[in-house]
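Written below as structure tokens is the structure these notes are about.
The values are calculated or read from the model by the stated rules, or taken from the named source; none is laboratory data. This one's a predicted model, so the numbers in the text were calculated from it and none came from an experiment. Cβ coordinates were reconstructed from backbone atoms using ideal geometry, including for glycine residues, and neighbour counts include every protein chain displayed. SASA here: full protein model, heavy atoms, side chains in, ligands and nucleic acids out. Shrake-Rupley method; radii C 1.70, N 1.55, O 1.52, S 1.80 Å.
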Amino acid sequence: MSTPSPSATAAAILPLVGGPANITSIAHCMTRLRLGLRDRGPVDEDALKALPAVLGVVDDDTYQIVLGPGAVARVAPEFERLVSTSANEPAARGAQLKESQRRRNATPLKLALRRIANIFVPLIPALIGCGVIAGLNGLLVNAGWLPSLTPALTAIASGFMSLIAVFVGYNTAKEFGGTPVLGGAVAAVIVYAGVAKVTAFGMTLAPGQGGVLGALAAALLGTYVERWCRTWVPETLDVLVTPTLTVLLAGLTTLYGLMYAAGEISSAIGTAADRLLSTTGAFAGLVLGGLFLPLVMLGLHQALIPIHTTLIEQQGYTVLLPILAMAGAGQVGAAMAVYVRLRHDHSLRTTIRSALPAGLLGVGEPLIYGVSLPLGRPFLTACAGGAAGGAFIGFFSMLGEKVGSTAIGPSGWALFPLLAGNRGLGLTAAIYAGGLLTGYAVGFGATYFFGAVKVSADDVSGVCDAGVPTAHRPAEGTRTP
């Protein structure tokens, strides 16, 4: 069956979520179309899951429709176009409904984490692109090839990271209701070379001190200063006074307070990550790898994004991501075991065959929502596989062999071009590959012997044409977590 076009998929989804009048916000991440809905009642979830392009749904603070990488980036603009041309309510009313929906459905913690994600997630494509170029450049430098080209590649790979604070400041102000360019202007103070002439707390500041955390704090402060100014500055003077006071007050506070404080916090994060893995690496890897899938399900993994970014900015790579990526390896191993055990469930096996390539490349939603989570116990045994893979990489960290990633976003086999460490790339890749194989093996074994459940024909009868099941329930008499 041919894959439906993005416009056809958008047109099919819209009436199943209540039509344009029920949409209050539209956004998307790497794999999911995220919709703010005025009312969940009109949503036809079974029909949504039956659409060939839909891999699953998640009913959270926003209603999330899993479409997969690449597909969601093409469907989302078509969906926005349909809503904008069909909706009768003015944009202002839509914005009010969006804020109302967010306040009603989000806890303070989830709201804070979502805002953090909104600041950092847009930066991921640049981090990936620059990270791959940096890895390629490292190979050329080590091999002594193309010496005339490597300086140019170094500039291309490093340019974004040298100014990442500006982008963080821009996105922070945008997310918290300030003027984005003012947020970028305040954060730019952190990376300006001239700060080396400024002394604070008896110490000379260094360009980049405080990093992305300082940029986030500076832009957030600038946003509040700007909003405060707009409460009392006359309209005739606003265009002159408000930007000036925003940049001046927030800039001075950044130089004489935030840069130093954020620098200490950033250093502490780097030191803590190094000590955690060097002293308790195997145990830390076991815990991180085992708990990452539940964290993703709860949306709490977003709290790690600034930590990853800080480590990349400080050390050139994050040592946490390869360990967390082992959760996906456990998921793949568990799906393989279900495939082997349930030989007569052709629909479920079709689902697994279609979802495994994405799982091997680190896109776990098809396997999570199509296989392990609906079945119950395989989700837990997948976590066991992730714990084993994480412990494997953590053990080598205790031996002084660091395995890191120069960007965030990809995992699985897609992470190999982004790997970096404190030793040779060959050893780093071998350790990471060993972690993946360990995750696959333990996830497979744990699921094969302890996690597989019998699934009746009725349980898999809801499989859609694309091979993604609309529902799976354990057989009567079994338990789900």
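Quick notes on this one:
- Enumerated helices (runs of 4 or more DSSP H) restricted to the range 55-133, each holding at least 1 residues that are open to solvent by less than 20 Å² (accessible area, probe 1.4 Å), of a type in the set (Phe, Trp, Tyr) and modelled with pLDDT of 90 or more: 71-86, 108-120
- Given (1) in contact (Cβ under 8 Å) with a residue 40 or more places away in the chain; (2) closer than 20 Å to GLY445 by Cα, index of the condition GLY299 fails: (2)
- Within the range 305-320, considering residues that are farther than 17 Å from GLN209 by Cβ, touching a Ser or Thr at 6+ places or on another chain (Cβ under 8 Å) and assigned to a helix (DSSP H, G or I), the one least open to solvent (accessible area, probe 1.4 Å): HIS308
- The number of residues in the range 373-385 being open to solvent by less than 30 Å² (accessible area, probe 1.4 Å) and closer than 18 Å to LEU288 by Cβ comes to 5.
A quick yes/no check of all residues on (1) at pLDDT below 95; (2) buried (at least 23 other Cβ atoms within 10 Å of the Cβ); (3) in a helix (DSSP H, G or I):
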position: ALA387; (1), (2), (3): no, yes, yes
position: GLY390; (1), (2), (3): no, yes, yes
position: ILE393; (1), (2), (3): no, yes, yes
position: GLY409; (1), (2), (3): yes, no, no
position: ALA414; (1), (2), (3): yes, no, yes
position: TYR432; (1), (2), (3): no, yes, yes
position: LEU436; (1), (2), (3): no, yes, yes
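- All positions within the range 187-213 that are among the small types (Gly, Ala, Ser), within 20 Å of LEU311 (Cα to Cα) and either open to solvent by less than 30 Å² (accessible area, probe 1.4 Å) or outside any helix (DSSP H, G or I) (or both): ALA187, ALA206, GLY208, GLY210, GLY211
- Condition met for VAL239 (touching a residue at least 12 places away in the same chain (Cβ under 8 Å) and either more than 30 Å from the chain's Cα centre (by Cα) or under 19 Å from VAL168 (Cα atoms) (or both)): no
- Selection within the range 214-252: residues that are charged (D, E, K, R) and assigned to a helix (DSSP H, G or I). The member of this set that is surrounded by the most Cβ atoms within 10 Å (Cβ to Cβ) is GLU226.
- Sole exception among (1) free of Cβ contacts under 8 Å to residues at least 60 places away in the same chain; (2) open to solvent by less than 10 Å² (accessible area, probe 1.4 Å) for GLY370, by number: (1)
- For the range 386-413, the tally of residues that are farther than 17 Å from LEU295 by Cβ and either among the charged types (D, E, K, R) or within 20 Å of the chain's Cα centre (by Cα) (or both) stands at 10.
- Filtered by the rule that a residue be within 26 Å of the chain's Cα centre (by Cα) and open to solvent by less than 50 Å² (accessible area, probe 1.4 Å), the range 134-160 gives ALA134, GLY135, ASN137, GLY138, ALA157, GLY159, PHE160.
- Count of residues meeting criterion [free of Cβ contacts under 8 Å to residues at least 40 places away in the same chain, of a type in the set (A, V, I, L, M, F, W, C) and open to solvent by less than 50 Å² (accessible area, probe 1.4 Å)] in the range 161-186: 0
- Subset of the range 1-24 that is in contact with a strand residue (DSSP E or B) (Cβ under 9 Å, 6 or more places away or on another chain) and assigned to a loop (DSSP other than H, G, I, E, B) - its residue that is least open to solvent (accessible area, probe 1.4 Å): VAL17
- For the residues SER158, SER148, the requirement of being modelled with pLDDT of 90 or more, not acidic (Asp, Glu) and not in a helix (DSSP H, G or I) singles out SER148.
- So PRO357, is it part of a helix (DSSP H, G or I) and open to solvent by less than 50 Å² (accessible area, probe 1.4 Å): no
- THR279, sole failed condition from (1) under 27 Å from SER158 (Cβ atoms); (2) open to solvent by 50 Å² or more (accessible area, probe 1.4 Å); (3) of a type in the set (Ser, Thr, Tyr): (1)
- A count restricted to the range 25-54 and to residues that are open to solvent by less than 20 Å² (accessible area, probe 1.4 Å), closer than 18 Å to PRO122 by Cα and not in a strand (DSSP E or B) stands at 1.
- Condition check for GLY169: assigned to a helix (DSSP H, G or I), within 23 Å of the chain's Cα centre (by Cα) and modelled with pLDDT of 95 or more: yes
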